[in-house]
Amino acid sequence: EAQVTQNPRYLITVTGKKLTVTCSQNMNHEYMSWYRQDPGLGLRQIYYSMNVEVTDKGDVPEGYKVSRKEKRNFPLILESPSPNQTSLYFCASSFSTVYNEQFFGPGTRLTVL
Amino acid sequence: KNQVEQSPQSLIILEGKNCTLQCNYTVSPFSNLRWYKQDTGRGPVSLTIMTFSENTKSNGRYTATLDADTKQSSLHITASQLSDSASYICVVSSNDYKLSFGAGTTVTVRA
């Protein structure tokens, strides 16, 4: 089944404790992206990657890191999480065409205490 | 700054009725406009994608329209069902990779 998977789905952590949220897709998509969703603000792009070893900042990259060593994986790293990073996170992927449909993962709900 | 504004913020309709959601954008240059449906606690799912040359596109009971001159789009839901209860998000692309998201319209369908 074609899908985007994220792990963990739920995470409660404390300020300053490094964490990684994994994202994997099995559709051979070149493009992958991370978003956060907060009430009243909609989805905001954190980072995106157009291909292996190519990443770029989105609208809200502060406090986050990403890597794209393999085509299928795009982990999101929070080196020192803070409470303002409590949010619902989505990973998405698509082919690199103009008319491309993005497929979203199921989401990761992160709480930073 | 590229912006996407959706209205209303939320609406409640009775099962079987129709409704229309609005999306106004200032994104430029325009590449395409998408409508997504997001069920509570789940990832968004694509409903339609339209380029500037397309002014109507349907997906079952969902019909999206686009007026690239006035930078407006609408999503019409026909004969609503309880399963249509969700958030509907308008997304505008200015190129292959930069997307601007609206805050969404929450639709509640009541029996």
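Here are a few things to note about the model shown:
- Residue satisfying all of: in region B:72-111; modelled with pLDDT of 95 or more and of a type in the set (D, E, K, R); surrounded by the most Cβ atoms within 10 Å (Cβ to Cβ) among these: B:Asp84
- Candidates A:Gly40, A:Gly63 - the one that is part of a loop (DSSP other than H, G, I, E, B) and out of contact with any Leu (no Cβ under 9 Å at 6 or more places or on another chain): A:Gly40
- Among the residues of region A:4-35, the ones that are among the aliphatic types (A, V, I, L, M), assigned to a loop (DSSP other than H, G, I, E, B) and under 22 Å from A:Glu62 (Cα atoms) come to 1 in all.
- Hey, A:Val14 surrounded by fewer than 14 Cβ atoms within 10 Å (Cβ to Cβ) and within 12 Å of chain B (Cβ to nearest Cβ) or not: no
- So B:Ala103, is it part of a loop (DSSP other than H, G, I, E, B), farther than 30 Å from A:Asn51 by Cβ and either in contact with a strand residue (DSSP E or B) (Cβ under 6 Å, 6 or more places away or on another chain) or without any contact (Cβ under 8 Å) to a residue 12 or more places away in the chain (or both): yes
- Residues that are closer than 20 Å to A:Asp38 by Cβ and without any contact (Cβ under 8 Å) to a residue 60 or more places away in the chain, drawn from region B:32-44: B:Tyr36, B:Lys37, B:Asp39, B:Thr40, B:Gly41, B:Arg42, B:Gly43, B:Pro44
- Here B:Phe52 meets each of (1) modelled with pLDDT under 90; (2) closer than 25 Å to A:Gly105 by Cα with one exception, condition (2).
- With respect to (1) away from chain B (no Cβ under 12 Å); (2) within 26 Å of B:Ile49 (Cβ to Cβ); (3) outside any loop (DSSP other than H, G, I, E, B), the lone exception for A:Leu110 is condition (2).
The values are calculated or read from the model by the stated rules, or taken from the named source; none is laboratory data. Everything quoted here is computed from the prediction, not taken from an experiment. All Cβ positions, even for glycine, are placed from backbone atoms using ideal geometry, and neighbour counts span all protein chains on display.
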